[in-house]
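Working notes, structure below.
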Amino acid sequence: MTMRKSVVFLLACAALAQALPAQTPPAQTPSRQELESEAVRSMRRIGSMSQLMVHLIYPTSNAVFYIETRTPTTDAEWGELEAKTLMFGEAANLLLMPDRIREPEEQWISDAQLLLAVGRAALRETRNRDVEALANLNDQLYQSCVSCHSHFRGGYGLRPG
Ligand code: HEC
């Protein structure tokens, strides 16, 4: 190539290089849906079912079962109750993690949803400081435990007492 031709050639290359980025497809950014399923796939349980029950769900739900005898009186106590209702409500989400769901899955999911629903209501009534409404949630809360236990807790109801 002559000097002149190669300069033209180089200029053409430079122009092409500049035009290229606009033509290459944008880097593949994952869709919201892909990110969500990736998030779900990466969830790993840390505690056992028994630990979740004994340390998270049982002590925190008790605060609602005993709302009439252990009624919060101060702002700090209402704050503690809020933390507890939040905890057992959110714990229902932990029960819905893929590696915690038990067979038959539909039954498990609907039982966990009972706890989720009553947890949400309990959090709302705690923020309203409505003791009567919280007391009225007791049956629903109790049923959420009993329903799942009758389906999934081995030997449930067989023990004396
Ligand atoms: C979606 C299902 C589900 C719901 C809802 C549920 N549990 Fe459980 N619970 C279980 C299973 C399953 C076990 C048996 C644990 C195991 O398999 O190791 C259990 C066991 C327990 C235990 C005994 C744990 C031990 O090892 O000693 C307690 C206490 C308990 N649950 C409390 C509660 C309370 C209180 C509620 C309601 C506020 C509740 N659970 C709601 C599934 C559930």
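Take Trp78 and tell me if it is in contact with a helix residue (DSSP H, G or I) (Cβ under 9 Å, 6 or more places away or on another chain), away from the ligand (no atom under 13 Å from the Cβ) and within 19 Å of Arg120 (Cα to Cα). Answer is yes for this residue. In summary, Arg124 fulfils each of the numbered conditions (1) more than 10 Å from the ligand (Cβ to nearest atom); (2) in a loop (DSSP other than H, G, I, E, B) with the single exception of condition (2). Checked against (1) within 11 Å of the ligand (Cβ to nearest atom); (2) open to solvent by 100 Å² or more (accessible area, probe 1.4 Å), Arg129 passes all but condition (1). Residues of the stretch 101-110 that are open to solvent by 40 Å² or more (accessible area, probe 1.4 Å) and within 7 Å of the ligand (Cβ to nearest atom): Arg102 alone.
Residues in the stretch 25-77 that are under 24 Å from Trp108 (Cβ atoms), open to solvent by 60 Å² or more (accessible area, probe 1.4 Å), part of a helix (DSSP H, G or I) and among the aliphatic types (A, V, I, L, M): Val40, Val54. Look at (1) within 16 Å of the chain's Cα centre (by Cα); (2) closer than 25 Å to Glu36 by Cα; (3) not polar (S, T, N, Q) and you find that Val118 fails only one, number (2).
Residue-by-condition table, conditions (1) in contact with a Pro (Cβ under 8 Å, 6 or more places away or on another chain); (2) open to solvent by 100 Å² or more (accessible area, probe 1.4 Å); (3) among the polar types (S, T, N, Q):
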site	(1), (2), (3)
Asp99	no, no, no
Ala112	no, no, no
Leu123	no, no, no
Ala133	no, no, no
Leu137	no, no, no
Ser144	no, no, yes
Cys148	no, no, no
Arg153	no, yes, no
Tyr156	no, no, no
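Listed by first and then second residue, the pairs with beta-carbon distance under 7 Å, at least 6 apart or on different chains, first residue in the stretch 145-157 and part of a helix (DSSP H, G or I), second open to solvent by 40 Å² or more (accessible area, probe 1.4 Å), are Ser147/Leu114; His149/Tyr156; Ser150/Tyr156; Ser150/Gly157; His151/Gln107; Phe152/Arg102.
The values are calculated or read from the model by the stated rules, or taken from the named source; none is laboratory data. Because the structure is predicted, anything quoted here is derived from the model rather than measured. Positions of Cβ are backbone-derived with ideal geometry, glycine not excepted, and every protein chain shown enters the neighbour counts. All accessible areas refer to the heavy atoms of the entire protein, side chains included, with ligands and DNA or RNA removed. Shrake-Rupley method; radii C 1.70, N 1.55, O 1.52, S 1.80 Å.
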